[in-house]
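Shown next, in structure tokens, is the structure this report addresses.
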Amino acid sequence: MNISVAIDGPAAAGKSTIANIIAHKFNLMYINTGSMYRAAALLCMRERVCYKDVDKVCEIVKSLKMHFEKDRLIVNGEDLTEGIKHPDVSNNVSNYAAIFKLRKLLVKLQQDMAGNFNVIMDGRDIGTVVLKNAPLKFFLTASASERAKRRYLELKKKGIDVEYNEILDEIIKRDYIDSHRESSPFIKAEDAIEINSSGLSIYQVVEIISGYIRNYIKEHN
Ligand code: C5P
């Protein structure tokens with residue numbers, strides 16, 4: 001039986017932590033699409049290529065060999081898992097991710113990666129575009145202040161010096177660009193199950209999603 005699970009949600013909603021736990025629990029391949037957009041942005045920023053230079057951006061993205069090793073993202077042989085989480089990347093990634101041609105390249109790569117495997121994929125357009133036919137789709141939300149608080153604590157724990165208000169502004173700005181872009185704007189798929197995680201722990205959300213997956217497996221075995 002093939003299972004594919006799509007998890008979409010706004011910035012810092014806890015998608016990757018939750019998807020990672022569920023991937024281990026149900027033996028699914030985890031594909032973090034946000035990290036792919038982040039890697040594309042980081043590599044362009046390193047080359048000082050602005051998001052407005054669409055041709056140059058696409059040339060760089062086409063030259064990238066991306067693959068996941070468990071939950072690590074390797075790009076052209078370099079482990080970028082930590083580098084892509086830097087606040088400079090967070091501040092700029094949405095401008096790159098709004099480029100239609102760049103999205104086309106990454107969506108194709110994501111669909112190829114998913115192939116015929118049992119996957120869990122998280123992002124902004126998974127339920128609406130990348131895995132449109134996924135039988136299990138979730139839309140994870142939480143208030144902007146709660147998401148900013150979680151992200152602030154996560155970065156502080158890693159020793160990255162940030163201000164809470166800067167994080168809040170960044171995620172509000174990113175949500176705005178992501179949901180107002182022309183190409184695959186971030187919206188809830190009609191058939192996605194919405195989970196508001198405000199006030200819930202990571203493990204409570206994992207339990208809710210796991211319940212739906214267990215039911216699906218039971219019904220399709
Ligand atoms: O998931 P994460 O917050 O790391 O994603 C970083 C950015 O990548 C998002 O703010 C969005 O601009 C872009 N993204 C996207 N489509 C996806 C995943 C991420 O546009 N499927």
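The values are calculated or read from the model by the stated rules, or taken from the named source; none is laboratory data. In this text the structure is predicted, and so the values were computed from the model without any measurement. Positions of Cβ are generated from backbone atoms using ideal geometry, with glycine treated the same way; all protein chains shown enter the neighbour counts.
Scanning segment 180-194 for residues that are in contact with a strand residue (DSSP E or B) (Cβ under 8 Å, 6 or more places away or on another chain) and within 16 Å of the ligand (Cβ to nearest atom) yields a total of 4. Within segment 106-157, being buried (at least 18 other Cβ atoms within 10 Å of the Cβ) and hydroxyl-bearing (S, T, Y) holds for T128, Y152.
Residue by residue, here is whether (1) out of contact with any helix residue (DSSP H, G or I) (no Cβ under 9 Å at 6 or more places or on another chain); (2) modelled with pLDDT of 95 or more; (3) within 13 Å of the ligand (Cβ to nearest atom) holds:
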site: N20; (1), (2), (3): yes, yes, yes
site: R38; (1), (2), (3): no, yes, yes
site: A41; (1), (2), (3): no, yes, yes
site: N95; (1), (2), (3): no, yes, yes
site: L105; (1), (2), (3): no, yes, yes
site: Q110; (1), (2), (3): no, yes, yes
site: N118; (1), (2), (3): no, yes, no
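I'd like to verify a number: residues in segment 192-216 that are of a type in the set (D, E) and in contact with a Ser or Thr (Cβ under 8 Å, 6 or more places away or on another chain), how many?
Looking only at segment 192-216, we keep the residues that are of a type in the set (D, E), and these are 194, 207.
Imposing the further condition that a residue be in contact with a Ser or Thr (Cβ under 8 Å, 6 or more places away or on another chain) reduces the set to 194.
Counting residues in segment 192-216 that are of a type in the set (D, E) and in contact with a Ser or Thr (Cβ under 8 Å, 6 or more places away or on another chain) gives 1.
In segment 123-134, the count of residues that are away from the ligand (no atom under 11 Å from the Cβ), among the small types (G, A, S) and without any contact (Cβ under 8 Å) to a residue 40 or more places away in the chain is zero.
Taking helices (runs of 4 or more DSSP H) that fall entirely within segment 142-221, which contain at least 2 residues that are within 24 Å of A98 (Cα to Cα)?
Numbers: elements: 144-157, 164-180, 202-220.
Once the helices (runs of 4 or more DSSP H) in segment 142-221 are filtered for at least 2 residues that are within 24 Å of A98 (Cα to Cα), what remains is 144-157, 164-180.
Just to be sure before I move on: is E154 over 16 Å from P10 (Cβ atoms) and of a type in the set (D, E) in the structure I sent? In short, no.
Under 22 Å from S94 (Cβ atoms), basic (K, R) and at pLDDT 95 or above: is that true of R214 in this structure? No, not satisfied.
D169 meets each of the listed conditions (1) charged (D, E, K, R); (2) within 17 Å of the chain's Cα centre (by Cα); (3) farther than 15 Å from I18 by Cα apart from (2).
Confirm whether G83 is within 21 Å of S184 (Cα to Cα) and either more than 12 Å from the chain's Cα centre (by Cα) or within 15 Å of the ligand (Cβ to nearest atom) (or both). Quick ask: steps written out before the conclusion?
Details: within 21 Å of S184 (Cα to Cα): no; either more than 12 Å from the chain's Cα centre (by Cα) or within 15 Å of the ligand (Cβ to nearest atom) (or both): yes.
It is false that G83 is within 21 Å of S184 (Cα to Cα) and either more than 12 Å from the chain's Cα centre (by Cα) or within 15 Å of the ligand (Cβ to nearest atom) (or both).
Residue count for segment 1-16, restricted to those that are at pLDDT below 95 and more than 10 Å from the ligand (Cβ to nearest atom): 4. Within segment 36-73, the residues that satisfy the criterion of being surrounded by 21 or more Cβ atoms within 10 Å (Cβ to Cβ) and either within 15 Å of K101 (Cα to Cα) or acidic (D, E) (or both) are M36, Y37, A40, A41, C44, V57, V61.
Of all residues in segment 183-212 being touching a helix residue (DSSP H, G or I) at 6+ places or on another chain (Cβ under 7 Å) and surrounded by fewer than 18 Cβ atoms within 10 Å (Cβ to Cβ), which is farthest from L106 (Cα to Cα)?
Of segment 183-212, the ones touching a helix residue (DSSP H, G or I) at 6+ places or on another chain (Cβ under 7 Å) are 183-187, 189, 192-193, 195, 197-198, 202, 205-206, 209-210.
Checking which are surrounded by fewer than 18 Cβ atoms within 10 Å (Cβ to Cβ) leaves us with 183, 185, 187, 193, 198, 202, 210.
Details: S183: 13, P185: 15, I187: 18, I193: 25, S198: 31, I202: 28, S210: 28 Å.
Going through the qualifying residues, I end up with S198.
Criterion applied to Y51, Y30 was being of a type outside the set (A, V, I, L, M, F, W, C), more than 10 Å from the ligand (Cβ to nearest atom) and part of a strand (DSSP E or B), and the one residue passing it is Y30. Do you know which residues across segment 1-27 are touching a strand residue (DSSP E or B) at 6+ places or on another chain (Cβ under 9 Å), part of a loop (DSSP other than H, G, I, E, B) and closer than 22 Å to A97 by Cβ? If the condition is that a residue be touching a strand residue (DSSP E or B) at 6+ places or on another chain (Cβ under 9 Å), part of a loop (DSSP other than H, G, I, E, B) and closer than 22 Å to A97 by Cβ, then G9, P10, A13, G14 are the ones that fit.
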